[in-house]
Each structure stands twice: as C-alpha cells, then as structure tokens.
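The values are calculated or read from the model by the stated rules, or taken from the named source; none is laboratory data. Just so we're clear, the structure is a prediction, and the values are computed from it rather than from any experiment. With ideal geometry, Cβ positions are generated from the backbone for all residues, glycine too; neighbour counts draw on all protein chains shown.
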Amino acid sequence: MCGIVGAVSRSGAVLEGLIDGLRKLEYRGYDSCGVAMFEGEAVQIRRKVGRLSELEKLLADGALAGARAGIGHTRWATHGKPSDENAHPHTDGSGRMALVHNGIIENYLELREELSAGGAVFRSETDTEVLTHLVGRELARGRGLAEAVRLSLKRVQGYYAIAVMALENGQPRLVCARQGPPLVVAATNEIGLCGSDVLALLKYTRDVVFVEDGDIVELAPGRLSITDFDGRPVTRAVRHVDWDEEAASKGGYPHHMLKEIHEQPDVLARTAFDRILQVEGDVDFEGPGFDDARLCALERIQVVACGTALHAGMIGKYLIENLAGVAVDCDYASEFRYREPVLAPRSAVLAISQSGETADTLAAMRLARERGLAPLSICNVQGSTVVRESEAVILTHAGPEIGVASTKAFVAQVIACYLFAVRLGRARGKLSVEQGRELLDELRRLRARLEGLITEKTVDQVRAVAAKHLKAKGFFFLGRGVNFPVALEGALKLKEISYVHAEGYAAGEMKHGPIALIEPGMPIVVINSPGRVADKVRSNIEQVKARGGHVISVGADEASHKLADDAIRVPACSEWLSPLLNVVPLQLFAYHHALARGCDIDKPRNLAKSVTVE
Ligand code: M6R
C-alpha cells in the first residue's frame, strides 16, 4: 500500500531524510514515487514511475537538496495506472500546495464533476486529485491550511491518510489527517514529522504519536497540535518505540525474507519464554483480559484474519479446540464482514494480524464487537489500530517484518495461539498442571529444534529440490489435521513470491476432484508428521503416486519419506507444534524457487505488505 512521509525542519535540509523514510516504507509495495519540496515562493514536485532509484536520478541535480520542508510518497496504484502523471504528490496547480494520500476516496467521481464545473483542471486519473482541488479552493478563500483540510475532508467519503503542505507567507505548513490507513507523527525541537509507519521516523526519534481515525494534526518543529474533524482539540499519548533501525535492516542477508526465516528461533524465545510459568504449567500474558473468570465464561471464539494470518488462526483452531475444548470458527475477514454472521453470545472475536492495520481484519473485528463479542487480538505492531481497539492483546514479538511474504510473523502468531490455548485450557480445567508443564516444556525445546533445522544443510537440500521443479506448471501442497493450514501456507508462499500456480489442499479431499489434475511428474508437496492422521496422509501419498505424481515429503514421518521421491526431514516434536517446524522448509522452498526464477523476493509484483484498503 502507499507510503507517506512529511517533514518540516527549523533549519536543516529534509530531502535526504524524506528519501530515507520512503526507503523504509518500500516494503509496503509501490509502483511509483515522488516528493514535493517547499522553500521560498514555489513548490517543486518530482515524481517518477518505478523504484526510488529512478526518483533519485531526477533529484541528482541537487536543486532541492537544501529545502527545509517537504512531503513524499510511494504509490500502489488503485485509481489510474502506474505512471509519472498519476504518481504523488499532486497539486491544484496554484504552485502553493501539494498533497500525498494513502487510501481511497469513494465519492471522487461526483467531486471531480463538481470541481471541473467550477474550473478545476485535472491532470491525473487518480481519486486523490479531487482532494488537492478541494483544499486548494479553501486556501484560495483565505483559510489557514488546517481549516482548509478540515472543510475539505467533510466533503469526502472513503479511507485515507493524507499529508498536505502549503506555503503561507513564504513559510511551509504541514498538516496530516487520518480516516483509516495508519499514520504516525512526531515532533522534536528541530523537526516535525509524519509517516505511514514508525520505521520512517526512527532516524529522528523513537517518541511518536499514533494518529487516530478522525484526527487532524498540524506539525511544526517542537509542536504537534491535534484536533478532531470539528476542530476540537484532542490529546494523544506520546509512545516510546523500542525498535531500532538495525532491527529493520537486512543484517547481512541478501533478502529480508531470508533474514526473517533465520530469525525464527529467536522469535519463538521472544514471543514465548517470558510468558511461561513453568511451576504452574501456565501462561502469563501481560495486560488484562486473560484471567480465569473471563476465559471460563467464553462460549466460542471467532477468528478473523487475512492471508498468512488466517492460516495461523486455522492452526489455532486445532490447538484451542483440542487443548482447551472451546469451539473456534475461522473466517476470512473479507467474507465475515459481509455475510451477516450469526454469533453465539458470550463469545470473543480474535483478530490476528501482523501489521494491525489490515482494512478487512479491522472491519471484521469492529463488526463482531458491535454485535457484542469481546475483541481480542494477536498482533505484531504495538500501537497499531487492531491493538488499540482490542480489550486484550497478545503481542507477538517478531520485530519488524519487512519482506512482503510473511514468515516470522506467522511463526509468532502460531506460538501466540499455542500459548493462548494452554492458558484457556488451564483456566477452564481442561489441562492439569502436569499437562500444562509438558506442553510448555515442548515449546521451550522447540527453539533448539528450529535452530537445528535452519542450517546450511537444510537450505542446500531444499534448494536442490526446488531446482528440480523450476519448470513445473503447478504444485499441490497437501496436509491434514493441524498441518492442513501449513499446506495452505506453503502454497501461498510459493504463489506470492515465485508467481507459480500452487494449490494447498486437505489431503483427504483430493480424491473428491483435484486428483484429476495430477499428471506424471507433477510436484506434490506432502506435509506429514507423527500424530493422529499420519497413516491417513500416507494413504494419500499412495494415491498420488499411483497417478504418477512426484511426491516431495516434508515433516518427521519417516514412513512418508520412504514412499516419497524427495524427502525433506524435520526434527520430531509433538503433533501440536509440528506446524512450526514443517513450515520452515516450505518458506525456504518458496524462497529458493523464486530466487532461481529471478523474482523480486522482498517486493513481489502486485503485492503490498500492509493492505489498508478493501
Ligand atoms: O498484516 P496482516 O497480518 O493483517 O496481513 C494479512 C495478509 O495480508 C498477509 O498475511 C499476506 O497474506 C502476506 N503477504 C502473506 O505472506
């Protein structure tokens, strides 16, 4: 999704900082980018389709290097193709103002007609440009920038985060506003800043304010002035963020995704270890909402999430139903929000999200809350909207995830589900102290097993298997039980970064149709580990082999490996934790397949890291 940055400094130049901020937002996905710089009497805009390096070529003449104020943008096209003309920032043509926008203006067509009738000239196909003309019109009527933004936003329907700059008496003013997509602001004595993500601000400060929906912020060095859409002052807490820039960089790996795969043993330790109460065989979540009384009163749990986070939730369903005896329903958030769900009383909605800003997940969570469900969440970003709107939160301590293909956040989400299942089971008396201890001991032991798995030996083996199938037209990923969602996740990873068709399927369901697709030599990845359905999965392998499928078995079930054409062995562990090990070779498989095909691993085509529009 689009990324926004803005800065107004007391005395220093800001261009370098803006470009650095945009680079930090690259992970969100974009197809064009631009900056508008403010100094003296006129606004200078530079924008370009393609990567930031293209924009930097435009800026290489140094003409804007000294400007003390500016805004910048990475665009992920929604209205209008990726092009120089559609790239942001946009202006009304007055030469006094410019604006960047993340989101969608739903009523832009009628506003465009109205503004055109009044003489406005449109130069792009974007929905954003109506905002520039609305704000420009108010500025021309003599309003101050914040007031002009406020009046303009009253005309607009949709989801947006915007940053607007205008020159008032030769001085740059910066205002931003939020109704939907994330926005973070900060002010030091030297500089006022805004961005779509804290990462874009870390170069200057770690003390930030998360802008809420309906906030308008005027930014200046040493001053943040926040009002609501009616102009009433509001107060927002300053939060200290402990992520540093190093945590968000590649740390010597060629890609963020590979670095993030290797971080997974540490992610396990960070997400779980401090929460384990070894003697009690229980889990202690910081913050309220996970006490016995509340958890005992729960009748059902409704999981809402998207993509990889939903796969983690589906694993959570197996864990919670088996370990705690509480019924769990899992829905794609985008389906849940429009299907008039019938929800059991005394239930909770559990939103799972890495970013905490996914539009569908947020909308589904809000809908469930309006229908009386207690909002709980599993989330990786402190201060994100999902976190702020939850009654109780399990923060996953995966650290910033930059690769668009989610890896370590998935592992952290599954661990959070496991901890939650143990806490629920203990609170409701379904698990004894001894059972709780054993489950948590297993989790502790898993760190070493993950470390033992993510080694050169595994990487080389997976790379070799991936190399055999570079020309394959399609893949199946099969699993059953708690490893069925792992099959879905393996297929999603391959699709999104390698652009190869891959289908994840419940292995037992193959014979009801998809088996017709199997041709001799077709690669079929089968995930199987010892547990209640291991022998059933072996029968499914036989069925695939009988049709000439090339079976790649992944897991700890030795008998499956013997049947397979290629075997990727993972260490043995309890059935309930096996997804955490089994997913690793699938992540590496997708990585090496994509690498060998020359794909852009950290920024796959058409994808955005944080999907803040519907
Ligand atoms: O930030 P979220 O966890 O809410 O994001 C949900 C999905 O968009 C995300 O998991 C997506 O499927 C990833 N690209 C998968 O790798």
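Among the listed residues Glu519, Glu509, Glu503, identify the single one that is within 33 Å of the chain's Cα centre (by Cα), of a type in the set (D, E, K, R) and under 24 Å from Ala594 (Cβ atoms). Spell out the reasoning first.
On the way: Glu519 fails: within 33 Å of the chain's Cα centre (by Cα); Glu509 fails: under 24 Å from Ala594 (Cβ atoms).
Unique residue meeting the criteria: Glu503.
Residues in the stretch 549-608 that are part of a helix (DSSP H, G or I), in contact with a helix residue (DSSP H, G or I) (Cβ under 8 Å, 6 or more places away or on another chain) and over 19 Å from Leu453 (Cβ atoms): 4 in all. When the residues of the stretch 254-266 are filtered to those that are out of contact with any Leu (no Cβ under 9 Å at 6 or more places or on another chain) and within 16 Å of the ligand (Cβ to nearest atom), the one that is nearest to Arg449 (Cα to Cα) is Glu263. Thr458 satisfies every condition listed in (1) of a type in the set (Val, Ile, Thr); (2) modelled with pLDDT under 95; (3) in contact with a Pro (Cβ under 6 Å, 6 or more places away or on another chain) except (3).
From the list Gly316, Gly325, the lone residue that is small (Gly, Ala, Ser) and within 19 Å of Asp292 (Cα to Cα) is Gly325.
Conditions (1) in contact (Cβ under 8 Å) with a residue 24 or more places away in the chain; (2) more than 16 Å from the ligand (Cβ to nearest atom), marked per residue:
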site	(1), (2)
Ala464	no, yes
Phe476	yes, yes
Asn483	yes, yes
Leu494	yes, no
Ala502	yes, no
Ala516	no, yes
Ile524	yes, yes
Pro530	yes, yes
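Out of the residues in the stretch 154-166 that are in contact with a strand residue (DSSP E or B) (Cβ under 6 Å, 6 or more places away or on another chain) and not hydroxyl-bearing (Ser, Thr, Tyr), which is nearest to Gly6 (Cα to Cα)?
Of the residues in the stretch 154-166, the ones in contact with a strand residue (DSSP E or B) (Cβ under 6 Å, 6 or more places away or on another chain) are 156, 158-166.
Of the ones still in play, those that are also not hydroxyl-bearing (Ser, Thr, Tyr) are 156, 158, 161-166.
Details: Val156: 22, Gly158: 22, Ala161: 12, Ile162: 10, Ala163: 7, Val164: 9, Met165: 9, Ala166: 12 Å.
Within the stretch 154-166, the match that is nearest to Gly6 (Cα to Cα) is Ala163.
Within the stretch 131-138, the presence of at least one residue that is surrounded by fewer than 24 Cβ atoms within 10 Å (Cβ to Cβ), touching a Leu at 6+ places or on another chain (Cβ under 7 Å) and not hydroxyl-bearing (Ser, Thr, Tyr) is confirmed. The residues listed here are Ala448, Ala421; of these, the one that is outside any loop (DSSP other than H, G, I, E, B), hydrophobic (A, V, I, L, M, F, W, C) and surrounded by 24 or more Cβ atoms within 10 Å (Cβ to Cβ) is Ala421. When only residues in the stretch 504-529 that are β-branched (Val, Ile, Thr) and in a strand (DSSP E or B) count, which is surrounded by the fewest Cβ atoms within 10 Å (Cβ to Cβ)? So, considering only residues that are β-branched (Val, Ile, Thr) and in a strand (DSSP E or B), the one surrounded by the fewest Cβ atoms within 10 Å (Cβ to Cβ) is Ile524. Residues in the stretch 594-614 that are more than 15 Å from the ligand (Cβ to nearest atom) and touching a His at 6+ places or on another chain (Cβ under 9 Å): Leu595 only.
Filtered by the rule that a residue be over 13 Å from Ala186 (Cβ atoms) and part of a strand (DSSP E or B), the stretch 216-243 gives Ile216, Glu218, Ser225, Thr227, Asp228, Pro233. Restricting the stretch 367-418 to residues that are near the ligand (Cβ under 9 Å from one of its atoms) and aliphatic (A, V, I, L, M), the residue that is surrounded by the fewest Cβ atoms within 10 Å (Cβ to Cβ) is Val404.
The number of residues in the stretch 92-122 that are at positive phi and surrounded by 14 or more Cβ atoms within 10 Å (Cβ to Cβ) comes to 2.
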